[in-house]
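Enquirer: Take a look at this one; I'll ask things after.
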Amino acid sequence: MTTNKTSNDQSINKNERTRLFYDPNSLSSFNGFRIVHTYFDLKVDFDSNILDGYVQLDVKPLDNQSCDCSSTITTENKEIPNNHGNKLVLDSRHLNIKKVVFISNTNEILLTFQVDTERESLIINMTDISKDSLISIRIYYSTSDTKCTALQWLTKEQTADKQHPYMFSQCQAIHARSLYPCQDTPGVKSTYSAKITCPKPLTVLMSGLQTNYDEQTNTFYFEQQQAVASYLIAIAVGHLVSYDLSSRIRVWTEPSMIKQCQYEFEESEKFLTEAEQLLGEYKWKRYDFLVLPPSFPYGGMENPCMNFLTPTLLAGDRSLTSTIVHEMTHSWTGNLVTNENWEHFWLNEGFTSFIEAKLVGNLDKTNGKEIRRFHAAQQWQDLKTTVATWGAEHPYTCLVYRLNNVDPDDAYSSVQYYKGAALLWHLEQNIIDSESKFDEFLRSYIIKFGETILNTDDFIKYFESYFPQAPSVDWQSWLYTPGMPPVTHNFSTKLEENCHQLANQQSPITKEQMNSLNAKQVAYLLNLLLSNDQSKITYDYIKQIDINCDMSKYSNCEIRFRWYQLCIRVKYEKVLDDIFKFLEIIGRMKFVKPLYVEFKSSWPEMLPRVKTFFEEHKKYMNPITVKQIEIRLNN
Ligand code: BES
Ligand code: ZN
């Protein structure tokens with residue numbers, strides 16, 4: 001097979017960042033103007049729970065910006081307007097816009113603007129401004145204290161140490177627009193810098209490098225020199241301490257958690273070195289991360305230079321560190337190579353999940369192949385569960401889905417992660433049949449699309465030009481057909497088979513059997529019980545497992561939430577209080593969504609209590625989690 005490492009496709013123009021594209025989730029005029037640099041000057045106000053100050057956007061008019069609104073281009077048969085000529089349209093959700101000015105060398109010129117609350121847009125009139133060069137627009141604003149979906153404000157009582165308030169952001173997928181007016185699409189990448197002031201003794205962290213600190217005013221300065229999409233803007237403020245895990249890796253968290261973090265994440269440098277081996281040089285200088293309070297809605301978020309992680313990874317035995325490998329991998333796939341809109345989300349998450357399993361294998365120098373296969377088998381099992389939950393006909397079980405009038409959060413699930421990873425596994429193992437050739441392809445893909453954006457067609461074109469002799473791939477079924485993939489993978493590993501045996505035996509699992517499994521296997525076994533033929537999952541069966549194995553001893557959240565799901569399914573009331581305690585503390589959606597769903601489908605008598613509990617607690621929960629639980633409880 002010959003490989004062709006150079007492609008003559010010129011549609012990706014890295015330096016100019018001017019490719020026209022489509023994004024159903026942004027109404028901003030990104031095909032008329034491009035933000036190339038963003039500067040934040042903000043104060044963090046814990047009395048009113050707002051950020052207040054201004055953002056300055058350096059905007060580059062595109063050549064086609066002078067066309068009027070009616071001009072459109074099309075790709076994939078979709079219209080691409082988002083080019084409004086004399087108007088700069090920005091995404092803006094519940095922001096209090098006070099003043100907009102045009103900054104020229106010597107003076108500030110007031111610009112007129114309108115806020116369209118329904119369409120969540122800020123429309124700035126640019127009629128009198130020359131579109132010949134870079135335009136600087138400064139917008140004075142503050143965030144909403146009650147409707148900012150990107151930020152969660154915690155009172156001091158809600159933190160681990162209970163001494164100081166805390167605030168953190170989560171912008172992916174489309175919450176950046178509630179943090180600052182922007183082109184809130186992954187298709188636009190901007191460098192950024194920031195000056196953020198907060199009360200002493202709190203620390204500000206952002207998804208960039210800290211460049212300065214003014215002790216007098218407690219002001220923190222940041223810079224992100226690589227252009228990043230709006231969803232990668234991140235900020236956290238709290239009483240934080242840090243520990244250096246290596247010369248380029250530092251973990252941040254509240255004081256009472258730092259020791260645990262130090263132990264759990266000690267191997268991070270080894271992970272990063274292994275990732276560089278596979279993917280090429282790490283381009284972001286530092287790899288720091290923040291371990292957040294338990295209400296953080298995700299396992300991790302790949303904020304550049306400063307990943308955010310859930311404290312539920314602190315299992316005490318380093319058994320959940322593959323999430324760090326995942327977030328780290330996004331430094332290449334996601335943060336350098338980025339999906340052009342959220343319909344092609346699998347290009348971020350599918351690639352990252354596939355590489356995560358590969359790296360988890362590469363990190364094990366004795367049994368790597370088996371470990372990788374078991375990791376991939378877990379992902380496949382997870383895919384099965386998720387497809388079953390949506391229903392095999394559901395459009396969101398397609399690898400590429402349509403998001404017109406849909407918030408990407410509402411379509412979010414593991415499908416794009418693990419169906420995507422399964423496609424790449426298929427390409428590597430069945431189509432190319434050589435891991436080393438496929439690794440080379442991955443490196444070349446990152447060089448080709450690094451620092452820019454792409455969609456699924458770009459990927460296929462590149463794959464086919466790189467492997468011109470490869471057998472043909474049933475792209476249609478893989479990408480656009482709902483349900484499980486057209487090819488069923490068999491990972492056949494010993495680690496997996498042991499679990500299957502226990503899941504299939506008629507008698508409840510014994511203590512010795514359970515103790516023979518490692519933490520990942522226990523989670524996998526519980527998954528099998530959750531998805532197997534249900535006839536034997538009875539109250540007595542679950543109770544007997546609990547008696548045999550003392551399931552309450554497992555503090556590992558990956559095990560706990562699956563065990564709780566089984567308990568709700570058979571109405572095993574003994575653990576009910578534990579479940580409510582878990583729901584009170586933990587906000588990670590991967591864990592709490594399935595529990596609410598399980599109550600709804602398996603234990604309807606408990607629903608009034610569940611709903612009352614939710615109503616009482618939602619004011620303390622993350623706004624993103626609240627919306628997703630509401631959807632599940634009310635439908
Ligand atoms: N980027 C995602 C988190 C995300 C996706 C936030 C979409 C908002 C919208 C992150 O990299 C992720 O995938 N987290 C996973 C980790 C897991 C797959 C190892 C999670 O939160 O569970
Ligand atoms: Zn991810």
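What follows is calculated from the coordinates using simple rules that are stated; it is not laboratory data. Quick caveat: nothing in here was measured; it's all calculated off a predicted structure. With ideal geometry, Cβ positions are generated from the backbone for all residues, glycine too; neighbour counts draw on all protein chains shown.
Enquirer: Given an 8 Å cut-off on Cα distances and at least 6 residues of separation, report the relative contact order of segment 494-634 as a percent.
Expert: That works out to 20 percent.
Enquirer: With +1 on each Lys and Arg Cβ and -1 on each Asp and Glu Cβ, how big is the dipole of segment 338-480 about its Cα centre, in debye rounded to the nearest 20?
Expert: 440 debye
Enquirer: Let me ask you something else. Does segment 593-632 come out rounded, prolate or oblate by the C-alpha gyration tensor, with a ≥ b ≥ c the root eigenvalues, rounded set by a/c under 1.5 and, if not, prolate when a/b is larger than b/c and oblate if not?
Expert: It is oblate, given that a/c is not under 1.5 and a/b is not larger than b/c.
Enquirer: Same structure, new question: So which aspartates and glutamates can Lys259 reach, going by Cα to Cα under 17 Å and dropping same-chain residues fewer than 8 places off?
Expert: Asp161, Asp244, Glu267, Asp288, Asp317
Enquirer: Still on this structure, I have one more. Where does segment 494-634 land on Rg/Rh, using Cα atoms and the Kirkwood Rh?
Expert: The Rg/Rh ratio comes out at 0.98.
Enquirer: Return P(r) of segment 250-392 (all Cα-Cα pairs; 5 Å bins starting at 0; whole %; ordered from short to long distances).
Expert: 2, 9, 17, 22, 21, 16, 8, 3, 0, 0
Enquirer: On the first, second and third principal axes, largest extent first, how far apart are the outermost C-alpha atoms of segment 396-502 in Å?
Expert: Ordered largest first, segment 396-502 gives principal extents of 47, 40, 25 Å.
Enquirer: Then there is this: What does the charge count around Val592 come to, taking other residues whose C-beta lies under 11 Å from its C-beta (Lys +1, Arg +1, Asp -1, Glu -1)?
Expert: +2
Enquirer: Using 0.36 nm per residue of separation minus the Cα-Cα distance, give me the extension gain between Glu118 and Asp145 in nm, one decimal.
Expert: Length difference between fully extended and current span is 7.9 nm.
Enquirer: Report, ordered by chain and residue number, the lysines lying within cross-link reach of Lys553, taken as a straight Cα distance under 19 Å and ignoring same-chain residues fewer than 8 apart.
Expert: Counting by Cα, and skipping residues close in sequence, Lys553 has these lysines nearby: Lys511, Lys520, Lys543, Lys574, Lys581.
Enquirer: Could you list Ile249, Ile586 so that the one with the fewest beta carbons within 10 Å of its beta carbon is first and the one with the most is last?
Expert: Least to most surrounded, the residues fall as Ile249, Ile586.
Enquirer: Taking 10 °C and 1.306 mPa s as the conditions, I'd like the Stokes-Einstein D for the chain in µm²/s, using the Kirkwood hydrodynamic radius from alpha carbon pairs.
Expert: It diffuses with D of about 62 µm²/s by this estimate.
Enquirer: If you don't mind, there's one more thing I want to ask. Would you mind getting me the FRET efficiency between Thr217 and Asp317? Use the beta-carbon distance for r and R0 = 45 Å, nearest 0.05.
Expert: Efficiency, rounded to the nearest 0.05: 0.55.
Enquirer: To continue, here is another question. Could you work out the relative contact order of the chain, using alpha carbon pairs under 8 angstrom and six or more residues apart, expressed as a whole percent?
Expert: For the chain, the relative contact order is 12 percent.
Enquirer: If a/c stays under 1.5 just call it rounded; otherwise compare a/b with b/c (prolate if a/b is bigger, oblate if not). Do that for segment 554-635, with a ≥ b ≥ c from the square roots of the Cα gyration tensor eigenvalues.
Expert: oblate
Enquirer: Now for a different question. Rounded to two decimals, what is the ratio between the C-alpha radius of gyration of segment 138-225 and 2.2 N^0.38 Å?
Expert: 1.19
Enquirer: Quick one: Trp563, Trp475, Trp425, fewest Cβ neighbours within 10 Å first, how do they rank?
Expert: Placing the least packed residue first, the sequence is Trp475, Trp425, Trp563.
Enquirer: If you take the beta carbon distance between Val597 and Ser130 as r and set R0 to 41 Å, what does 1/(1 + (r/R0)^6) give as a FRET efficiency, to the nearest 0.05?
Expert: FRET efficiency, Val597 to Ser130: 0.15.
Enquirer: Over the Cα atoms of segment 393-434, Rg to Rh with Kirkwood Rh, two decimal places?
Expert: 1.12
Enquirer: Treat the count of other C-beta atoms within 10 Å as a stand-in for reagent exposure and order Val522, Val59 from fewest to most.
Expert: In increasing order of surrounding Cβ atoms, one gets Val522, Val59.
Enquirer: Thinking of segment 240-331 as a set of Cα atoms, what percent of all their pairs are more than 22 Å apart?
Expert: Of all Cα-Cα distances in segment 240-331, 16 percent exceed 22 Å.
Enquirer: Continuing with the same structure: Once you have a ≥ b ≥ c as the square roots of the Cα gyration tensor eigenvalues for segment 338-480, tell me rounded if a/c is under 1.5, and otherwise prolate or oblate according to whether a/b is larger than b/c.
Expert: Since a/c reaches 1.5 but b/c is at least a/b, the shape of segment 338-480 is classed as oblate.
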